[in-house]
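Contents: one structure, followed by commentary.
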Amino acid sequence: MNPKDFFGELRRRNIFKVAAAYAVVSWLIIQIATATFPFLEIPRWCVRLVIVLLALGFPVAMILAWAYELTPEGIKRTEEVPPEASVKRQTGQRLNTLIIAVLGCAVAFLLYQRFHPDETPAGIPEKSIAVLPFQNFSDDKENAFFADGIQDDILTSLAKIRDLKVISRTSVMPYRGAAKSNLPQIAQALGVVNVLEGSVRRGEGRVVVSVQLIDARSDRHLWAKRYDRPLADSLGLQGELASEIASELRATLSPEEKDRVETKPTENPDAYVLYLKARAYESNPDRLFEDFELAERLYSEAIQHDPSFALAYARLSATLARIYQWFDPTDERKAQIKKNADKALGLKPDLGEGHLALGLYYYWTETNYDKAVEQFRIAAAALPNDSEIGYVSAAIRRRQGKLKENLELLKKSQTVDPGNANVASEIAFTYAFVHDWRQAAQMYDRVVALAPDSANFKINRAYIDLYENGKTDALKATLAEIPVGVDPSGLVTRARWDLAMLERDYAAAERAMASYPLDVFQSDGMPMPKSFFRGCTALARGDTSAAQSQFAMALPAFESAVQQAPSTGHRHANLGVLYSFMGRKEDAIREGRRAVELEPESKDAVLAPWMNGFLAMIYARTGELDSALPLLERGLSSAFPADNTNCSITYNDLRKRWQWDPVRNDPRFQKLIAEH
């Protein structure tokens, strides 16, 4: 047969039209099955079966189209349709054209919905997602940590994909239990298009995880799945889920990202459960000593179950670094930080969390900013959505005195992770550091809104009013609203004591100390015995005998702290202040000067003015006001970190705090106050 005649015959028998219509209808059926089957929990193989059946049906449709024709009189064999039926054929052709046009419009609409679902607010990437806290459906409510851990693991795996914008755990945790009707508002607040919801049920050695991916703009379900597996088989679930979600969002994964996402953190289910428990304590935004201690113990136990658990080594190292920085800067801890970071990277050289831990080691224990920044750069390449890397990098700029760069980096982190209270608190700290109290107050308001359960953040916000206007009303109101029994690390007790001392209500100060059940506060970078605070109260009210008795009890702890961390300026400064309260002038000045030597401004622009403030107080308390005044003058005219219990050099600190009472009536001191 002549090819021209053959194609003409195909057109006469409507083969092309039937093929086009079959393809369009098949595509529509596949799209409907792909979108609805997972949501209805129909097994995934059913989608594949639909595709196979439609493919097998195509040649059958072509054979039927060749052999038969639809006419107004019904279905007839093509050979039975006479040529004079051309008018009728034309009518049928017009009908076919209409059908194809309608199908074409449907396809165009689906394509538009698929690739342009809704208007995306300016600045929000299409490939953006927030993983909301998972619901715990386990009979044992103690397994809530497990649901949080699964959520955190999925989030962390997604965050390793550079093509996605992923909101941090800190940002999403405030939305636990949020109503589904609020998803559009939540997505807008977090700056994302997509939201992942889920639930976890754990029991009898099995884990059931149900998840659904939602386009929050229209509340349209994009994808859903249910996993029911033995606990041991669930350890790689977060990587599998992350890959499927990334595929649904059309995110491009490099081979390295794919490997990082899909690699199981451990093969040991017991180690995995301990790791998830530890993460819950490590990520508490209040940064409490007792939480870090629990996290340290749980990570160590996880490593005992699986000595090749690289991620647990990295998290342990980072936890130890935080303990070192904020509570216990000893050589023993310093060695442990480095050992665990090296172990993590030895097991997995490209582990982003390992490079982050090593960066914290260089930053906090060696003050080697160049090496720290390099490690953070490597970590950021592996963890492109990790906001912590951004704000610790910004903190280094602040310690280098580069405050403009510090704020720029922090605000960039805030744009990426708008619901992260830790990022917002770092911005607030910088504003307080430069005595911009209005900006600090506004940012702390945001911090409190992001972490409404944090007593620590509420107290910090109240102190800004004290620094700005010298009034204690906000602090008093804030402390009155904190429920009895809420006292993380004694922070509330310390604030109540400080408020009483500001108001010279020494009986209230004694009651505050008496209410705390422990003998030592873990704060100020060292253990602080209650006897020190009781001594301060007695000294301020003029009971020298009682004060010296309490100070004598506190002294061994202060001296031991210096012996354990002799290169830490803060501990020398605290010891110097105690010596000044005890009347040991030479010892006090020696320790104060040593603190300043250990923390020069060239090394640390944050701690240096603080150490100078301690030395100024020591001079004032030991009768050397002429030496104190230049330090005070400099402190009042430059940046200084706000601290609510020790030596904050602000105008209202000098006016209000009891520590300056011995020089309050000195004309030189009064002149300084008047000038500022």
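The values are calculated or read from the model by the stated rules, or taken from the named source; none is laboratory data. Quick caveat, the model's predicted, so the values are computed rather than measured. Note: ideal-geometry Cβ built from the backbone for every residue, glycine included; neighbour counts use all protein chains shown. Ligands, DNA and RNA are excluded from the accessible area calculation, which covers all protein heavy atoms including side chains. Shrake-Rupley method; radii C 1.70, N 1.55, O 1.52, S 1.80 Å.
Only Cα sites of the stretch 387-520 enter the Debye sum here, all with the same form factor; the resulting log10 I(q)/I(0) across q = 0.10, 0.15, 0.19 1/Å is -0.38, -0.78, -1.06, listed in q order. Each peptide in 299-309, 491-501, 354-364 receives the mean, over its residues, of other Cβ atoms within 10 Å, and ordering these scores from highest gives 354-364, 491-501, 299-309.
Computed from point charges on the beta carbon alone (+1 for Lys and Arg, -1 for Asp and Glu), the dipole magnitude for the stretch 496-572 about its Cα centre is near 40 Debye. Cross-linked pairs K339/K402; K264/K343; K225/K258; K160/K264; K264/K348: Cα-Cα separations exceed 23 Å for K339/K402.
Using only the Cα atoms of the stretch 404-479, build the gyration tensor, take square roots of its eigenvalues as a ≥ b ≥ c, and label the shape rounded, prolate or oblate: rounded if a/c is under 1.5, else prolate if a/b is larger than b/c, else oblate. Verdict is oblate for the stretch 404-479. Annotation: amide H-H contacts under 5 Å for V207 (H modelled 1.01 Å from N, sequence separation of 5 or more, or interchain): R229, L231.
Residues whose amide H comes within less than 5 Å of that of H435, counting only those at least five positions distant or on another chain, are F640 (H built at 1.01 Å from N in the peptide plane).
How would you classify the stretch 501-606 from its alpha-carbon gyration tensor, with a ≥ b ≥ c the square roots of the eigenvalues: rounded for a/c under 1.5, else prolate if a/b is greater than b/c, otherwise oblate? Verdict is prolate for the stretch 501-606. Rolling a 1.4 Å probe across the protein heavy atoms gives the stretch 520-676 an accessible surface of 38 Å² per residue.
Backbone amide hydrogens, once placed in the peptide plane, bring S128 within less than 5 Å of K165, V193, N194, excluding anything fewer than 5 places away on its chain. Each residue of the stretch 342-355 was assigned a 3J(HN,Hα) from its phi angle through the Karplus curve 6.51 cos²θ - 1.76 cosθ + 1.60 (θ = phi - 60°); the sequence is 5, 5, 4, 6, x, 6, 8, x, 9, 6, x, 5, x, 5 Hz, with glycine and proline shown as x. Lysines near K656 by alpha-carbon distance under 18 Å, same-chain residues fewer than 8 away left out - which ones? Within reach: K471, K476, K671. Within the straight-line cut-off of under 16 Å between alpha carbons, the aspartates and glutamates reachable from K603 are E366, D370, sequence neighbours fewer than 8 places apart in one chain being disregarded. Solvent-accessible area of L407, all protein chains in place: 40 Å² (probe radius 1.4 Å, heavy atoms, ligands and nucleic acids excluded). Listed peptides 187-199, 216-228, 582-594 appear in the order 187-199, 582-594, 216-228 once ranked by packing, highest mean of other Cβ atoms within 10 Å at the front.
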